[in-house]
Structures are given as C-alpha cells and as structure tokens.
Amino acid sequence: MAARRRRRRCWRTPALLLAYLGYVGLGAGVLWALEGPAERRAAQRLLQQRWELLANHTCLRGPALQRLVQGIIQAYKSGITLEGNSTSLGRWDFSGSFFFSISTITTIGYGNLSPSTAAGRIFCIFFALFGIPLNLVLLNSIGQLMLSGLQHCAHRLEEKFHWQKKATLLIRICALLTCLLLFLLLPPVLFSAKEGWSYEEGFYYSFITLSTIGFGDYVIGMNPDRAYPGWYKNVISLWILFGMAWLALVIKFCINLLESSSDFCQCNKKSKELVEDLMDGNKNSMTGLDDVESCSGKDTKQKDQTEWHTHRAPTEAP
C-alpha cells in the first residue's frame, strides 16, 4: 500500500501538468479560431487604407509615410497624441505617474505606457523590486482584515439571534454579493460614463485588471478626446488595491475547493481498495486501515477492524 501511495504521488504532478497544458491548448485553439480571422481582416483593411492614401495623394512617398506612422506610434506609447496642430500631454503628470506606479507594483503591467529614459527604466527596476513584495504583504493584510471582519460579524449574529452555522453562511453570501457589486458589477457603470465604454467592455476591463492579467487593450484615462477629473485615477488605484485583495481571497477559496475535492477522491480510492482487499481475504490489508483513518477518523477505523474480524472468522474455522 505504501508503494502504491508513492506511485500515486509521483504521477500526480505529471497528470496536473498534462491537464494544465491541455487547458492552455484549449484556450489557444479557441482564441485562434475566434481572433485569427479578425486580425487578418484588420491587417488587410489597414493595408488597403495605406494604398488608397498613397494613390489619392501622389505627393506622398511610401518610406516617408512609414516613418510618420512609426513616429506617431512611438509618441502614443510615450503618452503624446496629436490634436490638430498641437499635442496633448498628461500621462506623466502626478496622477498618471501614480496610476503607473500602482500598475507596476501590482504586476498588472498594461504595457500602454513605459519609461522612455534610461534613468526612468533603472528606477523602475528597483522600484518594482521592493514594491512588489510590499504590495503582496499589503494585499495579504487587507485580505486578513476582510476575513476577520466577516468572522466578527458572524460571531455577533450568532450571539444575537442564536444562529450557529447559518450566521456564517449568511455573512459569506452577503459579503460575496457586496464585493461583487463594489468590484465587478458597479465599476463598469463608472467606466461607461467616464470612458465611453459599453458595460461589457467595462466588466471585461474590471476582471482583467483585478486578476493582474492586464492586456492593455483597455486602460482608463487614455482617451485624448475626454476630460478626466483629478480624483478619477486615484479612486481607481484604491479600487484596484482592495479589489485585488478580494479576488485573491476568491481564487484562494477555489484552490482550496479543488484540493479538498482531490483529497476526497483519493480517500474514496483508498476505501475502495480496502474493500477489495477485504473481499479477497488478503492478510496484509490491515495496513490500509491507517489510510482510511486519515479520511474517516478513529471511529471509522474501529468499525472497519470489527468488519475485518467478522469476515475473517469463517475462513479461520477448522
């Protein structure tokens, strides 16, 4: 039995790796089928617009136009956009820099904005080196504070209404619904008003941000045609901080649920193996009782031992 358990442990990591690769492969195949044709259509449309521009304006040269396009792209990455005969600045003001700092130490990394100077890049390295651990410690502290608040509310309800398990379940459901509203369901309404996004786009941005995926296709405060209030990016920074702590708790709960279900399946396998050994009358199957004890407790162990002797008695009779 011990050798069998060791073999199961050895095969668990390769099995998880295969499941992981299969899941990633499934995502790659679906995205390839959904996004590939759209990408090719966008590329063809861009190339067609380029040729139409050169055909309608014969004074333009292809290389000069290409250099202009590359300059516009590089300027946009630096936070500069053209507005008529002038340019718009503002991505590297204090609120924009504060938002960039938050996105850096939270490892969101939208990719739409990055330092362009050597000094800024070097500072960004050391800033992230010490800021990421500090952010993890703060998120853990906020998560523990949320959990302690839930436990305190559940304890007060148990004392006041004499509820037992119902209080904890009720508090957890209320906390889940409240946090869903605050961090995922209500923010898209604000983004629709300030950014002009649809609700679906705002919800997509909320989840991609709080999960630290950070694709960068949707980023707040980047539309040069809109005026943003000074408090906007600062409030969103706090939303990111507390929202990440809440989503980390949800992900941790899902991980614990998966691990507990895996342990439950292993306990069922051990119980089935024990029953098979009992039916075969194997004398060495007493070692399997130790495995069942970890899943069922001492009472189950004593019950199984009684069943073992009851089953063995007729075979040992002369």
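The values are calculated or read from the model by the stated rules, or taken from the named source; none is laboratory data. This one's a predicted model, so the numbers in the text were calculated from it and none came from an experiment. A quick note on method: Cβ atoms are made from the backbone with ideal geometry, for glycine too, and the neighbour counts reach across all protein chains shown. With ligands, DNA and RNA removed, areas are computed over all heavy atoms of the protein, side chains included. Shrake-Rupley method; radii C 1.70, N 1.55, O 1.52, S 1.80 Å.
In terms of the mean number of neighbouring beta-carbon atoms within 10 Å, the peptides 213-220, 251-258, 171-178 order highest first as 213-220, 171-178, 251-258.
Candidates PRO229, SER206, TRP239 compared by Cα position along the dipole of region 191-253: farthest toward the positive end lies TRP239, with charges placed on Cβ. Using θ = phi - 60° in the Karplus curve 6.51 cos²θ - 1.76 cosθ + 1.60, the 3J(HN,Hα) couplings for region 35-48 round to 9, x, x, 5, 5, 5, 5, 5, 5, 5, 5, 5, 5, 5 Hz; x is entered for Gly and Pro. Ranked by the mean number of other Cβ atoms within 10 Å per residue, highest first, peptides 43-52, 240-249 order as 240-249, 43-52. Computed log10 I(q)/I(0) for region 94-233 at 0.10, 0.21 Å⁻¹: -0.49, -1.29, from the Debye equation with unit scatterers placed on every C-alpha and solvent omitted.
For region 111-195, with only Lys/Arg (+1) and Asp/Glu (-1) charged at the beta-carbon, what is the dipole magnitude about the Cα centre, in debye rounded to 20?
Result for region 111-195 is approximately 160 debye, rounded to the nearest 20.
Average accessible surface for region 88-218: 63 Å² per residue, computed with a 1.4 Å probe over protein heavy atoms with every protein chain in place.
On the beta carbon distance between ASP225 and HIS152, with R0 = 45 Å, the FRET formula returns roughly 0.45. Across region 171-176, rounded Karplus estimates of 3J(HN,Hα) from the backbone phi angles (6.51 cos²θ - 1.76 cosθ + 1.60, θ = phi - 60°) give 5, 5, 5, 5, 5, 4 Hz, Gly and Pro being marked x.
Farthest towards the positive end of the charge dipole of region 92-234, among the residues GLN151, ALA175, GLY120, is the Cα of GLN151, using unit charges on the Cβ of Lys, Arg, Asp and Glu. In terms of accessible area, using a 1.4 Å probe and ignoring ligands and nucleic acids, TRP92, TRP197, TRP32 rank largest first as TRP32, TRP92, TRP197.
Summing charges over all other residues whose Cβ lies under 14 Å from the Cβ of LEU147, with Lys and Arg as +1 and Asp and Glu as -1, gives +2.
Provide the packing ranking of 54-66, 123-135, 184-196, i.e. peptides ordered by the mean count of other C-beta atoms within 10 Å per residue, highest first.
On the way: 54-66: 9.8, 123-135: 12.8, 184-196: 16.3.
With the highest mean Cβ count within 10 Å placed first, the list reads 184-196, 123-135, 54-66.
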